[in-house]
Structure formats: structure tokens, C-alpha cells
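Trainee: Encoded as C-alpha cells, here's the structure I'll be asking about.
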Amino acid sequence: MPLYGIPAKDYLDREDELAYLKRLASLRRDTLADNVLLIGPRGIGKTEFLKQLYRSLFWDSKDVVPFYYSFKTAALKSTTFARDYFARFVKQYVAFVKKEPLHVNNMSMPLPRLIPLISTLGLDWLIDCIDDFQQNTDQGDLYGQILSAISTPVNAAVRGGRPVLVMLDDFTASEELHETKRGDAPGLTSLFEESMKNSLCPHIITGSPSAKLEAIFSDPALHKGTERMRLYPLPEDTAYALFSSLLAKMKISFDREAALDIIRRVKGSPLYIRNMARAAWKMKKNNLDKKDFSECYSFEIIDGETAFYWSSVFSESLRDKGIRRTILELLMHRIARGETGDQERLSKVLGVREPRLSEALDALELNDFGGSDDPLLKDFVQSLYFREVEGKTGAEIRKLIEAKYDVPADSSVFEMVIPMSDQAELVAARAVDQIGKNINLEPELMNYLQLALVESCINAMEHSGSYEKKIYLKFTTTPQRLEIAIESPGRHFTLDSLKESPTEEKMTAGQKRGWGFTLMRKIMDEVRVERISDRTRVTLIKNIKRNEVLK
Amino acid sequence: MNAAPFQVKSRIVNDVAVIYPKGYLNNLSGEGLVSECGRYIETGIKKIIVNFSETDLINSIGISLLLHVMEELQTTGGTLCFTDMDKVQLGIFDMLGLTKYFRFFQDEKGALQFLGGSAE
């Protein structure tokens with residue numbers, strides 16, 4: 001419903017774009033502007049932006065009639081769509097003229113009951129439109145009915161003497177308009193072409209994924225006469241102002257630095273900022289510190305509005321359950337590696353046949369999932385993967401997500417990737433050397449730590465069997481602790497699978513190998529082995545004692 | 001730890017072979033050490049000293065290869081001695097419970113005296 005949304009005073013940082021679009025009708029009439037394709041990633045606030053524009057025109061404008069239509073909730077059977085589109089337009093037009101919001105949202109009232117009111121408002125031409133539309137319906141003329149509905153805003157602009165600003169939200173769904181079943185009438189979207197050409201009736205079109213929207217508008221007929229407007233994430237100060245005002249309304253106080261951490265993590269997405277504020281309220285937090293924010297975040301990823309939002313998008317976009325698993329594996333691979341790799345290699349790495357992989361890659365591209373740098377989406381994908389592919393429980397996933405961001409304030413984090421090649425482990429060992437020097441570690445301890453890391457790298461090289469010959473290392477240090485995560489793709493292993501025989505046994509047996517984990521455990525305070533998607537992660541932890549630091 | 005490229009040198013002091021592994025003792029370089037020792041064992045040498053003064057790092061594979069040398073030498077009734085190990089290298093053998101299986105000396109001279117070869 002276009003009149004429901006965030007109060008205008010709380011709507012931040014889109015003033016310039018709003019001001020431009022409020023003037024779009026007059027600029028278009030003077031051929032100074034085109035139709036506008038509103039582009040932006042999911043969650044950036046395209047729908048809310050249109051609602052703000054609608055509301056502003058509805059209350060403040062006398063000359064430009066706003067019409068908002070969302071295909072998301074529309075019935076996409078063409079005849080039902082035509083009736084719905086037409087009825088909504090008539091009601092929104094009447095509501096605008098009378099400045100009576102009730103009519104905008106009252107979809108249950110049949111159009112004939114509005115006729116007396118329309119007549120009173122002097123909109124007799126609108127009654128003619130209703131009659132014409134009814135006539136097409138009665139004749140069972142499918143295309144006549146759709147065209148009649150789609151061209152009503154243009155007719156209204158011409159006959160009513162006031163330009164109509166048409167806002168089409170979730171326009172990507174219009175590709176699914178059909179006669180009786182999905183796919184039986186491709187190309188119905190092109191019926192909007194004529195309406196879009198009319199200078200009295202500028203259109204603002206938006207939807208997700210952007211790639212799909214752009215693909216629709218690659219048709220030269222639609223492409224011509226359409227300009228692009230991109231919505232960007234909120235800058236940090238605006239995002240903070242939004243977050244703090246939402247929390248203040250819920251009477252929740254918070255630690256400023258922790259709030260800023262979250263804002264940076266969600267990269268200024270208004271959707272996520274709102275969801276985080278709601279999560280805090282749902283979790284009955286009243287004084288948010290860093291730990292609370294972390295809990296709210298993992299709640300959002302696993303059970304909150306964000307999880308619900310992305311679950312819906314995934315279900316909607318990836319209806320084929322078979323391909324869903326492949327896509328999850330692909331996404332996890334991309335998140336872990338930050339690379340795409342060629343198809344042949346990916347097929348080997350993931351163990352997926354090329355035709356299926358190709359199908360999955362196409363679906364990824366089309367749905368804008370592939371190249372996304374949205375951290376919440378990445379965490380959601382990980383959580384979905386953990387749940388659906390690895391069968392982890394909610395509690396286990398929550399722990400993993402919270403641990404991912406649980407970095408002490410006085411810590412330093414270094415990451416490196418080494419190849420699985422001869423003596424590459426020494427490069428990692430040199431890194432430990434320097435990291436140890438940075439925190440004044442006693443040289444003898446440093447040598448032991450180097451050996452533990454060398455052993456872990458050798459172990460990764462020997463057990464991986466992966467096509468991807470790389471080891472991923474992450475060093476996290478604080479003055480009290482050194483943690484080294486060593487991740488290797490390929491074959492998984494556990495501490496049990498690497499059970500090392502006692503020294504006495506080795507002395508009499510032919511096989512003398514298998515000391516690596518014994519050494520790691522002797523040197524480190526904690527050694528963990530976990531399966532993280534298609535990698536095995538070994539975590540080496542050393543708690544640094546006072547006497548292990550140089551004065 | 002400053003691992004140099006591995007090299008192994010050796011010399012004979014009377015009936016004792018003294019081996020000097022240099023650099024990082026791992027699987028590749030360990031094979032070189034094993035083969036150097038094997039060469040002496042084949043000629044009838046039964047006393048071997050491995051001098052670690054120039055060895056930077058011994059990984060677990062290197063250790064397992066040293067065990068092979070010891071095993072090979074034991075079949076001929078020979079003796080293997082380790083010298084000039086730093087604190088960490090000794091610590092590693094200790095962690096793995098291996099100290100009782102080898103003879104450790106602070107320096108080559110002590111090992112040669114023990115084996116009856118004259119220290120130079």
C-alpha cells in the first residue's frame with residue numbers, strides 16, 4: 001500500500017533523488033527527462049523510496065497524479081492482473097483528486113459503487129474508461145482487456161488534463177504474466193511500451209534482481225527513452241542517525257561504537273538497519289552492548305526478518321529444489337574463495353556435472369546472487385548451507401556466526417594464502433615470526449609456534465587432495481592470545497581420523513610417520529578441527545603467559 | 001627460524017661418520033640425510049653422529065626419517081648420536097617421548113669421545 005511507510009521526517013538521505021522525480025512529469029513534458037529505471041541491490045530501499053515519492057505527490061501535488069503498482073503481490077494471470085491494475089488505478093486517481101487515502105487501499109469496494117463519487121468529482125471521462133474496460137471484459141478480449149488497463153493512466157493524463165506518474169514496483173515479476181499457466185504468453189511485458197512512450201505519463205520502474213530488470217530493458221523499444229537512477233547505501237552518518245532514531249523509538253539505549261560496527265557490517269543498507277533494530281526489540285534488549293548486537297545479528301541471520309526475507313527470495317527465485325543445493329554449494333565456494341574459477345574446474349571442485357553447474361551459474365547471475373558483496377547475504381547463505389547441507393542446528397550456526405565477528409578490540413588480524421607446494425609452509429612460519437615479534441614473544445616460544453604451524457600446513461597439504469592447491473591462513477593476535485586458523489579445501493578430516501599411534505608403537509612399527517597433531521597439541525593450548533563448508537579448518541590457540549613475552 | 005636451503009655434508013673421523021644437515025629438515029631433505037647415512041652404513045660404518053648445529057628446523061617428517069636411520073643402524077648393531085641441538089629441537093624430541101631412544105650430546109666432541117673416535 002503506497003501510503004503506508006516510514007514517516008517522511010524519518011526518511012533520510014534521498015532528498016535529491018526525490019526532488020528530481022517529483023519534477024519528472026514536467027521535465028518529461030519538456031523532453032528534458034525520460035522514464036526512469038530505478039536500480040539498486042535488494043534491500044537498498046527502492047520500494048520505500050517509491051512510497052515516499054507517492055505520498056509526497058499524493059498530499060502536496062495538485063498537478064501530478066501518482067499511481068503505484070506492485071507486481072509482487074499481483075495476481076499474474078493476465079485477466080486478473082488487468083482487472084486489478086485497472087481497479088487500483090481508478091481508486092488511486094479518485095483518492096488523489098478527493099485527497100481521501102481510504103480509497104487507495106480499499107480494494108474490496110467494487111468499481112460501480114465508486115461511480116457516484118466519480119461523477120460528483122466531475123471525472124465523467126473516468127466513467128467512460130470503466131465502461132470501456134467492462135466492455136472488453138464482457139467480450140472476453142484478453143489483449144483488449146490488458147491494453148485497456150495498461151493504457152488507462154495515459155488516457156487519464158490526456159483526458160483528465162493532469163500528467164500521471166506511474167510507479168511500477170517489482171516489475172521483474174511482470175515477466176510471469178500469463179493466460180492460464182506460467183509461460184504460455186511470453187512478451188506481455190512489452191504491452192507497456194506504448195504507455196511508456198507517452199510524455200504525459202512518465203514511468204518509474206524498479207524491481208529485483210537488477211540483472212533481470214536490466215535484461216527486460218535491453219529490448220530497444222523499452223531501452224530507448226529510459227534513464228537509469230541508482231540508489232546507493234546510506235552513508236555512515238545517515239545510517240547511524242536512522243539506526244539511533246529507530247532504537248530510540250523503541251526506548252533501547254546502545255553503545256555507540258558497537259552500533260557503528262553493526263552499521264559498517266550491514267554496509268548502510270536501510271533494510272538491514274531496520275531489521276537489526278526490530279531484532280533488538282524482539283529479543284527484549286534495552287541496553288545494547290557489543291555482545292547484544294552480536295546476538296541480534298546472528299538472530300537476524302538465522303531466524304529474523306532478514307532470514308525470512310532472503311528465504312522468500314531464494315524460494316521465489318530458485319523454485320527447483322534440486323538446483324538449490326548446487327547453488328548453495330556454488331555460493332559457499334564463492335564466499336570462501338572470493339573467486340569464480342572456470343566452469344570445468346568448478347565442476348571438478350564441487351563434484352557437479354557441467355550441465356547442472358551451468359544451469360546453477362545462470363540462475364546465480366540472473367538473480368544477482370553471484371557477485372554480491374552483501375555481507376548479510378553471505379552470512380545467510382552460510383547459515384542456509386550449514387542447515388540444509390551440513391545439518392547443523394540453529395544453536396551451532398549461531399555460535400559459528402557469532403564467533404566469526406568476535407574479534408577483541410585490541411586484536412590484530414592477518415590473512416594469507418599459500419600454495420600447496422614444497423616449503424610453502426616456511427612462508428607461513430615466517431609470518432608467525434613477524435607476528436610474534438610484533439607482540440614481543442619470547443623467541444623460543446615463537447620457534448615452537450612456527451613448528452606447530454608448519455605441521456598443520458603439511459597436514460593440510462597431505463590430506464587435502466583438492467584441485468585447489470591453496471591453504472588459507474588467518475592469524476588473530478591479542479597481547480594475551482594467538483589464534484591461527486588453517487583452512488584447506490578438499491577431503492575432510494577429523495582428529496579421530498588422524499589418530500596417531502603412541503611413540504612405543506611407532507618405534508617397533510614400519511610406519512614412523514604421524515607426529516604432527518601430537519606436536520601441535522603439545523605446543524598449543526587448544527587444537528580444534530572443524531568442517532567449514534568444503535574446507536577443513538584447524539584452529540591453533542596459544543594463550544600467552546607473562547613470562548613468554550620479552551620485557 | 002631462518003630456514004636455509006637444505007644441504008648435507010659429512011666426514012669420517014676414524015670409524016665414525018659425522019653428518020652435518022644444514023637448513024630445514026623435512027621430507028625432501030630428510031631423504032638426502034637418510035641416503036647419506038645409508039651410504040656409510042653400506043660401507044660398514046656402525047657409528048654415526050648427526051650434528052645439528054646448522055639445522056634450522058626439523059619437522060615431524062624429518063623426525064620420522066631420523067627414526068628410520070636409527071632403525072637401520074640398529075640392525076647392524078650400530079649407534080646413532082645427536083649433537084649440537086638447540087633447546088627447541090631437544091624440546092621437540094622430548095615432547096614426542098623420543099629422548100630415551102637416542103643419545104644426545106652437547107657437542108660433537110662429547111659424542112666422538114663416547115663413540116671412541118678422537119675429537120678433532
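Just so it is clear, none of the values below were taken in a lab; they were calculated from the coordinates. These numbers were taken from a predicted model, which means no experiment stands behind them. Here Cβ is always computed from backbone atoms with ideal geometry, including for glycine, and neighbour counts include all displayed protein chains.
Trainee: What does the charge count near A:ASP60 come to, summing +1 for each Lys or Arg and -1 for each Asp or Glu among other residues with Cβ under 11 Å from its Cβ?
Mentor: Working: positive: A:LYS22, A:ARG55, A:LYS62, A:LYS99; negative: A:ASP63.
Residues close to A:ASP60 contribute a combined charge of +3.
Trainee: Add +1 for every Lys or Arg and -1 for every Asp or Glu among the other residues with Cβ under 12 Å from the Cβ of A:LYS224, and state the total.
Mentor: On the way: positive: A:LYS197; negative: A:ASP34, A:GLU193, A:ASP219, A:GLU227.
Local charge sum for A:LYS224: -3.
Trainee: Here is a follow-up. Pull out a ≥ b ≥ c, the square roots of the eigenvalues of the alpha-carbon gyration tensor of region A:412-548, then state rounded if a/c is under 1.5, prolate if not and a/b is larger than b/c, and oblate in the remaining case. Before the final figure, lay out the partial values.
Mentor: Values: a/c = 1.79, a/b = 1.24, b/c = 1.45.
Oblate is the answer for region A:412-548, as a/c is 1.5 or above yet b/c matches or exceeds a/b.
Trainee: Right, something else. I'd like the orientation of helix A:124-138 relative to chain A: the angle between its Cα long axis and the longest Cα principal axis, in ° from 0 to 90, rounded to 10.
Mentor: 70
Trainee: Considering every residue in B:58-68, what mean count of other chain Cβ atoms within 10 Å of its Cβ is obtained?
Mentor: Details: counts 2, 11, 15, 8, 1, 5, 6, 2, 1, 6, 2.
Per-residue shielding by partner chains comes out at 5.
Trainee: I've got another one for you. Just check the protein assembly as shown against the gyration tensor rule for me: Cα atoms, a ≥ b ≥ c as the square roots of the eigenvalues, rounded for a/c under 1.5, and otherwise prolate or oblate depending on whether a/b exceeds b/c. Don't skip to the answer; put the middle values down first.
Mentor: Numbers: a/c = 3.99, a/b = 2.89, b/c = 1.38.
Prolate.
Trainee: Can you give the charge dipole size of the protein assembly as shown about its Cα centre, rounded to the nearest 20 debye, using +1 on the beta carbon of Lys and Arg and -1 on the beta carbon of Asp and Glu? If you can, show how the numbers build up before the last one.
Mentor: On the way: 88 positive and 94 negative charges, 273 e Å.
Computed charge dipole of the protein assembly as shown: roughly 1320 debye.
Trainee: Show which lysines lie in cross-link reach of A:LYS470 when reach means a straight Cα distance below 16 angstrom and same-chain residues fewer than eight apart are skipped.
Mentor: Partners within reach: A:LYS348.
Trainee: Please list, or write none, the lysines whose alpha carbon is within less than 27 Å of the alpha carbon of B:LYS100, excluding same-chain residues fewer than 8 places away.
Mentor: Answer for B:LYS100, where 27 Å is the Cα cut-off: A:LYS499, A:LYS506, A:LYS512, A:LYS522, B:LYS9, B:LYS22, B:LYS46, B:LYS47, B:LYS87, B:LYS109, listed by chain and number.
Trainee: Using a 10 Å cut-off on Cβ to Cβ distances, tally the other chain neighbours for every residue of A:438-446 and report the average as a whole number. Provide the component values of the computation, followed by the final result.
Mentor: On the way: counts 0, 0, 0, 0, 0, 3, 4, 1, 2.
Partner Cβ neighbours, averaged per residue: 1.
Trainee: By how many degrees, 0 to 90 and rounded to 10, does the Cα axis of helix A:305-317 deviate from the longest principal axis of chain A?
Mentor: Here the helix axis deviates by roughly 70 degrees.
Trainee: Please label the shape of chain B as rounded, prolate or oblate, based on the square roots a ≥ b ≥ c of the eigenvalues of the alpha-carbon gyration tensor (a/c under 1.5 means rounded; beyond that, a/b larger than b/c means prolate, else oblate). Show your work: numbers first, answer last.
Mentor: Values: a/c = 1.37, a/b = 1.30, b/c = 1.06.
Rounded shape, in that the Cα axes give a/c under 1.5.
Trainee: Could you list B:VAL18, A:VAL454 in order of exposure, starting from the residue whose Cβ has the fewest other Cβ atoms within 10 Å?
Mentor: Ascending number of Cβ neighbours within 10 Å: B:VAL18, A:VAL454.
Trainee: Something else now. For A:LYS551, list the aspartates and glutamates whose Cα falls under 12 Å from its own Cα; do not include residues on the same chain fewer than 8 positions away.
Mentor: The qualifying aspartates and glutamates are A:GLU442.
Trainee: Report the Cα centroid-to-centroid distance between region A:102-165 and region A:61-95 in angstrom, as an integer.
Mentor: Region A:102-165 and region A:61-95 have Cα centres separated by 10 Å.
Trainee: Do the sum for chain A: with -39,500 (n - 2.57) for every DSSP H run of n ≥ 4, divided by all residues, what is the mean residue ellipticity at 222 nm, to the nearest 500 deg cm²/dmol?
Mentor: Working: 25 runs with 289 residues, N = 551.
Taken over chain A, the calculation gives -16000 deg cm²/dmol.
Trainee: Taking the dipole about the Cα centre of region A:8-230, with the C-beta of Lys and Arg at +1 and of Asp and Glu at -1, give me whichever of A:LEU24, A:THR152, A:PHE81 is farthest to the positive side.
Mentor: A:LEU24
Trainee: Still on this structure: Tell me what chain B gives for mean residue ellipticity at 222 nm when only DSSP H runs of n ≥ 4 count, each as -39,500 (n - 2.57), the sum divided by the residue total, rounded to 500 deg cm²/dmol. The partial results should precede the final answer.
Mentor: Values: 4 runs with 49 residues, N = 120.
It lands at -12500 deg cm²/dmol.
Trainee: When the Cα centres of region A:184-262 and region A:15-51 are compared, how far apart do they sit, in Å?
Mentor: 9
Trainee: A follow-up question, please. Can you give me the angle between helix A:270-282 and the longest principal axis of chain A, using Cα atoms only, in degrees from 0 to 90, rounded to the nearest 10?
Mentor: The angle comes out at about 70 degrees.
Trainee: Taking the Cβ of each residue in A:PHE293, A:PHE243, B:PHE93 as the centre, tally the other Cβ atoms inside 10 Å and list the residues starting with the fewest.
Mentor: Working: A:PHE293 22, A:PHE243 25, B:PHE93 19.
In order of increasing Cβ crowding within 10 Å: B:PHE93, A:PHE293, A:PHE243.
Trainee: If I build a Gaussian network model for chain B, linking alpha-carbon pairs within less than 10 angstrom, which residue out of B:MET95, B:MET85, B:MET70 has the largest mean-square fluctuation?
Mentor: B:MET95
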